[in-house]
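The values are calculated or read from the model by the stated rules, or taken from the named source; none is laboratory data. Since we're looking at a predicted model, the values are computed, not measured. In this analysis, Cβ positions are derived from the backbone assuming ideal geometry, glycine residues included, and neighbour counts consider all displayed protein chains.
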Amino acid sequence: MYRLDFSATIKTADDLKQVLIEIQKAKYATDIMRFRGYLGSQYSNKNNTTVATINNHERRIGIPIIGIYVLGHKLDSTDASIIGVNRTYRDPVTGELLTVRESFIESLTHDSYVIQIPNLARKRRNDLEKLLSNFDQSTYVDPDHHILNIKEEEYPEKHRSLIRRLQAAILEPEMRKQMEIEDGILDEFEDMQRRILQLMQKTAEAEKRTDVARQRISEVQREADEARRKTVAAEREAKKEVARNLKTAAVSMETIMQATGLSREEVDAL
């Protein structure tokens, strides 16, 4: 439903670092392929590069990417409210942890953070969870879950500018209208997803019935083939018995062959 990417200059303990931050909000667990496609487009975007001086030479390198995924659903295996996926450089031969950073590697790999909104409920164990608790959906006070009960005095001073921005946004008629439109679209998506799941279930059931029918047809075919084989064998034995009786009655070879359809060699063998 929503995605945002922007270039940011981050002040670290050592220097300034330019990164491309990609934020995607998701409601459905099935959005993962959309994330992959969008992330791939960011890697291939030639605008997401910068010029850096390496070994006294200027080179164009990819801007490091940080992915932030805000999920409206829970993951399968962890109840953590925030999951940080941070790369490390390691020599696989010696096991040594490398502290250097290479532009080649930084341009081709990225760190990411996954926020599980449902797992934020009432959690404020550190500064990051305090900041993200502004989006804790368990504090909603209206039927549409548009308005959250956020008490500004419970937050550090440095977070209050964000709270005031969010408060200003919810008061804007255009923003409220957009939220209502998004709710309508989400309802359509949910209904569509339900129909898709129902169709998938019906298709699976139909395929199962088809497999059972195919198996039964195959069994019937085998039974019919076996019956035909037995019939042919019985007919042949009956012809041989007739040929034996005719031979006993001293009937000529040509008559026996004509009457039974057996070859001269087969009649001689009786």
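Please report, ordered by residue number, the strands (runs of 3 or more DSSP E) entirely within region 42-161 with at least 3 residues that are surrounded by 17 or more Cβ atoms within 10 Å (Cβ to Cβ).
Details: elements: 49-54, 57-62, 65-71, 82-85, 111-116.
It comes to 65-71, 111-116.
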Quiz item: Of all residues in region 220-261 being of a type outside the set (S, T, N, Q), surrounded by fewer than 11 Cβ atoms within 10 Å (Cβ to Cβ) and outside any helix (DSSP H, G or I), which is modelled with the lowest pLDDT?
Solution: Ala250
Self-check item: Hey, Lys208 loosely packed, with under 10 Cβ neighbours inside 10 Å and either under 25 Å from His73 (Cα atoms) or without any contact (Cβ under 8 Å) to a residue 60 or more places away in the chain (or both) or not
Solution: no
Quiz item: If you go through region 5-23 one residue at a time, do you hit one that is outside any strand (DSSP E or B) and either surrounded by 14 or more Cβ atoms within 10 Å (Cβ to Cβ) or in contact with a strand residue (DSSP E or B) (Cβ under 9 Å, 6 or more places away or on another chain) (or both)?
Solution: no
Quiz item: Since Arg34 meets every condition but one in (1) exposed (fewer than 15 other Cβ atoms within 10 Å of the Cβ); (2) assigned to a strand (DSSP E or B), which condition does it not meet?
Solution: (2)
Self-check item: Yes/no for Thr139 being of a type in the set (Ser, Thr, Tyr) and within 21 Å of Pro118 (Cβ to Cβ)
Solution: yes
